[in-house]
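Note sheet for the following structure.
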Amino acid sequence: MSSTTKVSSAVMQTYNRFPITATKGKGSFLWDDSGEKYLDYTSGIATCNLGHVPDNVQHAISNQLEDLWHCSNLYHIPSQEKLAELLTEYSCLDQVFFCNSGAEANEAAIKIAKKYAKDKGYDDRTEIITFEQSFHGRTGSTMAATAQEKIHQGFTPLTEGFRYLPFNNKESLSEIDNGKTSAVLLEVIQGEGGINTAEKDWLKQLAAICKQADILLMIDEIQTGIGRTGSLFAYQPYGIEPDVITVAKGLGSGFPIGAMLAKQHIAASFSPGTHGSTFGGNPVAAAAGIATLKEILSDGFLENCKEGQEELFNQLKSIKEISPLIKDIRGKGYLIGIEVLNQASAWIEKLREKQILVLPAGEKVVRILPPLTTTKEELQICIQALKEVALELGGNTNG
Ligand code: PLP
């Protein structure tokens, strides 16, 4: 360590961490280093969709660890092939590029959109459209794709080629097909940006414009995917067919893996040497992905979540009735936002005092992300605590 600096941690301070040192997780619960137990409704930021350390994924990882950890993508990897087959069987996409995180999956999507436009001779199509309040990652291009000024601050000049439009705004749809657009990238439910859900009409019109002009419709399913919003992917109930989707977070149940899925004629734009990743889809990560998907796709799994999801939403609506601080309840499945008039942090801190962990989505939205495996009893613990917090905070907008 340099002799001039004194720091409290050798880890760079890129996160405002909660005052909890996490040491163990199982199911919906997280334990700290003093043995305190918390109901974890952050799910590792929408990642541990099967709860912490799910048995079947643990077994799959352990078994794979016996045989082969890593060999690079210079070889065929059976578990990677199998995972790609599952992802394409249960989506409208045909081929998969594997990587290790959400930002990398979006980087791959951005690159394939550029390459596809070049391959098709669309030389003027140099822009990708994204939407206000979006979040697509922290790397150079995905940060530029993220249409939030606070994310850009201090990092100019940004990567060029992104144009931002208002979300859910029908008037601005006419600006999409302007001869310069190669692709549109969006979240069907904006997660970090405040749990904003795309309206069906708007998204269908957007999809039709893209299809008509051969503009790629790319859906970022990194937070919404793998069952989080009630279907395997959030685009599916909209009756649209994206050209590209990106997945990460929930795919490995907490084991790092990301993926970019594309339709065949677009996937063809990536040939050997155009893109790659040393670790992407490595045997252990792919084994975690297969075990996760098998569980989520198993008979009745997503159907069985619906009752709890409706119960949570309805109970939150009734808490809204008793709290003048709650402005709106929104979201879908187990991706739920409570918009408040005071600071979301006031709610989050009070819930933490009651051993319940939830997250913000911006300053004014409390984000609740239970694992899909949570029980009715656990949901009641969270609902009861939220009621108490609503009463404790009363109508105090400063709190
Ligand atoms: N896209 C969306 C919608 C996200 O929510 C996130 C992370 O929160 C990302 C991309 C970036 O994913 P990662 O942190 O794995 O790079």
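The values are calculated or read from the model by the stated rules, or taken from the named source; none is laboratory data. Given the structure is predicted, the values throughout are model-derived calculations rather than measurements. When we count neighbours, we look across all protein chains shown, and the Cβ atoms used for this are built from the backbone with ideal geometry, even at glycine. Surface areas here come from the heavy atoms of the whole protein model, side chains and all, with no ligands, DNA or RNA. Shrake-Rupley method; radii C 1.70, N 1.55, O 1.52, S 1.80 Å.
Greater than 30 Å separation of Cα atoms is the criterion. Which listed pairs, Lys211/Lys327; Lys150/Lys211; Lys263/Lys332; Lys332/Lys387, meet it?
Lys211/Lys327; Lys150/Lys211
What aspartates and glutamates sit close enough to Lys317 to cross-link, taking a C-alpha to C-alpha distance under 14 Å and skipping anything fewer than 8 places away on the same chain?
Within the straight-line limit of under 14 Å, Lys317 reaches these aspartates and glutamates: Asp328, Glu339.
Which aspartates and glutamates, on any chain, are close to Lys26 with Cα under 12 Å apart, when same-chain ones fewer than 8 places away are left out?
Cross-link targets: Asp40, Asp55.
Which of the peptides 211-223, 103-115, 306-318, 167-179 is most tightly packed, and how do the rest follow, judged by the mean count of other Cβ atoms within 10 Å per residue?
103-115, 211-223, 306-318, 167-179
Does the range 90-182 come out rounded, prolate or oblate by the C-alpha gyration tensor, with a ≥ b ≥ c the root eigenvalues, rounded set by a/c under 1.5 and, if not, prolate when a/b is larger than b/c and oblate if not?
rounded
Counting Lys and Arg as +1 and Asp and Glu as -1, each charge on the Cβ, what is the dipole of the chain about the Cα centre in debye, to the nearest 20?
Around 560 debye, computed over the chain.
Which semi-axes, in whole Å and largest first, does the equivalent ellipsoid of the range 336-397 have when worked out from the alpha carbon gyration tensor as the square roots of 5 times its eigenvalues?
Taking √(5λ) for each Cα gyration eigenvalue gives 19, 14, 9 Å.
Just the number, please: percent antiparallel of the DSSP beta bridges in the range 55-296, rounded to the nearest 5.
40
Ranked from the most accessible area to the least, with a 1.4 Å probe and all protein chains present, what is the order of His152, His70?
If we order His152, His70 from most to least accessible, we get His70, His152.
Please turn the phi angles of the range 70-75 into ³J(HN,Hα) values with the Karplus equation 6.51 cos²θ - 1.76 cosθ + 1.60 (θ = phi - 60°), one per residue in order, whole Hz, x for glycine and proline.
Computed from phi, the couplings for the range 70-75 are 7, 9, 6, 7, 7, 10 Hz.
Quick one: grab the alpha carbon gyration tensor of the range 312-364, order the square roots of its eigenvalues as a ≥ b ≥ c, and give me rounded if a/c is under 1.5, else prolate or oblate depending on whether a/b is larger than b/c.
Rounded.
What is the sum of charges around Gly239, taking Lys and Arg as +1, Asp and Glu as -1, for the other residues whose C-beta is under 10 Å from the C-beta of Gly239?
In short, +1.
For every other residue with a beta carbon closer than 15 angstrom to the beta carbon of Phe279, add +1 if it is Lys or Arg and -1 if Asp or Glu, then tell me the sum.
-2
Mind putting a number on the dipole of the range 114-267 about its Cα centre? Charges go on the C-beta only, +1 for Lys and Arg and -1 for Asp and Glu, and I need it in Debye to the nearest 20.
It comes to approximately 340 debye.
Could you tell me the distance between the Cα centroids of the range 292-366 and the range 205-275, to the nearest Å?
Here the two parts' Cα centres lie 25 Å apart.
What shape does the range 229-293 take by its C-alpha gyration tensor, where a ≥ b ≥ c are the square roots of the eigenvalues and a/c under 1.5 counts as rounded, a/b above b/c as prolate, and the rest as oblate?
oblate
Which value does Rg/Rh take for the range 55-296 over its C-alpha atoms, Rh per Kirkwood?
0.96
Among all helices in the chain defined by DSSP H, which have a length of 18 Å or more along the axis from Cα atoms plus a Kyte-Doolittle mean of at least 0.5?
In the chain, the long hydrophobic H runs are 283-296.
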